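What follows is a single structure, written as structure tokens, with notes after it.
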Amino acid sequence: MAGGVFLLNGAGAPDYGGALTVPVVVTCLMAASGGLIFGYDIGISGGVSEMESFLKKFFPGLLKTTRRASKDVYCMYNDQALTAFTSSLYAFGMVGTLVASRVTRRVGRKTIMVIGGSMFLVGSLVNAAAANLAMLIVGRMLLGLGLGFSGQATPVYLAEMSPPRWRGGFISAFPLFISVGYLVANLINYGTSRIPEWGWRLSLGLAAVPAAVMVLGAVLITDTPSSLVLRGKHDHARAALQRVRGKGVDVDAEFSDILAAVEHDRRNQEGAFRRILRREYRPYLVMAVAFPVFLNLTGVTVSAFFSPILFRTIGFGSDAALMGAIILGLMNIGGIIASGVAMDRYGRKLLFAIGGALMFTCQACNA
């Protein structure tokens, strides 16, 4: 997070004073709405892949196989074209993340969120109008690029814009919106599955709604003070900081720390990738890589993405499988709200331990 005000404050986040203002809440909520598009697509794809009208249009061979199943459809969703449909999102999401991480310093977090939301908006419309598999996959590629851009910029935006004392809670808004998007997608799938022939188009096309919300929100909000300072716009940065902290608040101390942090970042930018491999930084590098890698290796994302299909493979009916995904989404929201409340009070380390223990226990029960 280049230019973060906590860069030079290793002893903990400083308290610069000031109340929790309406502008900072609105600004951060608009930014966090980027999580809606991520959660919506995670939820919508698994449910659509289980709809007969969708399979009939693009994967008729797979539909015939599942219809011939005598008990359940275990190991029958092994169609390579279906795999290309689902995996293209994540492949191009990785590409989008790598590109955005290089560009965001130059154009700002706000612009990256606008670009990401616009790509997702176009991709959702392409998917809704898909006439063949190629068009469907192109739409998924655009969705992936949009997710990569927005997913890279939004957490950074929230961390740089939120007040230090409430930073953990504000950052939790992003995963909370992901879970809300996931829940909404499964509710929509539950309803559109009853629409013959074109229900899947409605499910995929409604992804344009959260994308439009994100684009509009990103256009209306200001960029972060740290990002503006990085691009030499000091006056705009100070004005943005004053706006979100409140008119009567003295922002001199916080703005000075932002300037110092950005300057420190610039001095250490050259050769940063070589320095991170040094012995003294190795524990931080290992943990920074290990946490996201092992989180995904637990299968939690895959389980959420394919939850309707997973429920079908163990014998659930179509409606029951979609309802199971809805229950999963509700539990996810409950966990995120609880962790968001506890994060700034009890710290991140305790939540990591509790989350890891819960995941281990549930995986053992599943096995």
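FYI, it's all coordinate maths here, none of it is from the lab. Keep in mind that this is a model prediction, so the values were computed, not measured. So basically every Cβ, Gly included, is an ideal-geometry build from the backbone, and we count neighbours across all protein chains shown.
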Here the stretch 141-153 yields Karplus 3J(HN,Hα) values (6.51, -1.76, 1.60; θ = phi - 60°; whole Hz; Gly and Pro given as x) of 4, 5, 4, x, 4, x, 5, x, 5, 5, x, 7, 8
Roughly speaking, what is the centre-to-centre gap between the stretch 192-258 and the stretch 302-367 when only Cα atoms are used, to the nearest Å? 28 Å
Tell me, in nm to one decimal, what length is gained between VAL99 and ARG279 on full extension, where the rule is 0.36 nm per residue of separation less the Cα-Cα distance? 62.0 nm
Taking 0.36 nm per residue of sequence separation and subtracting the Cα-Cα distance, how much length would be gained by fully extending the chain between ILE195 and THR361, in nm to one decimal? 55.9 nm
Note, ³J(HN,Hα) from phi for the stretch 350-367, Karplus 6.51, -1.76, 1.60, rounded to Hz, x at Gly and Pro: 5, 5, 4, 5, 5, x, x, 5, 5, 5, 4, 4, 5, 5, 5, 5, 4, 5
Relative contact order of the chain, defined on C-alpha pairs under 8 angstrom at six or more residues apart (%): 29 percent
Label-zone membership for the stretch 159-203, site GLU52, 7 angstrom Cα→C-beta point, backbone N under 17 Å: 190-201
Once you put a point 7 Å from the Cα of VAL138 and another 7 Å from the Cα of LYS64, both along the Cβ direction, what distance in nm separates them? 2.8 nm
Which value in deg cm²/dmol, rounded to the nearest 500, describes the helix-derived mean residue ellipticity at 222 nm for the chain, given -39,500 (n - 2.57) per DSSP H run of n ≥ 4 and division by the residue count? -24500 deg cm²/dmol
Relative contact order of the stretch 19-221, pairs being alpha-carbon contacts under 8 Å that are 6 or more residues apart, as %: 40 percent
With θ set to phi - 60° and the Karplus curve 6.51 cos²θ - 1.76 cosθ + 1.60, what are the ³J(HN,Hα) couplings of the stretch 186-193 in order, to the nearest whole Hz, using x for Gly and Pro? 5, 5, 5, 4, 4, x, 6, 5
Select from the stretch 195-304 those trypsin sites (Lys or Arg not before Pro) which occupy a DSSP coil region and have at most 10 other Cβ atoms within 10 Å, ordered by residue number. LYS247, ARG278
Which of (i) 70, 42, 40; (ii) 88, 37, 33; (iii) 54, 47, 43 is the computed Cα extents along the principal axes in Å? It is (i)
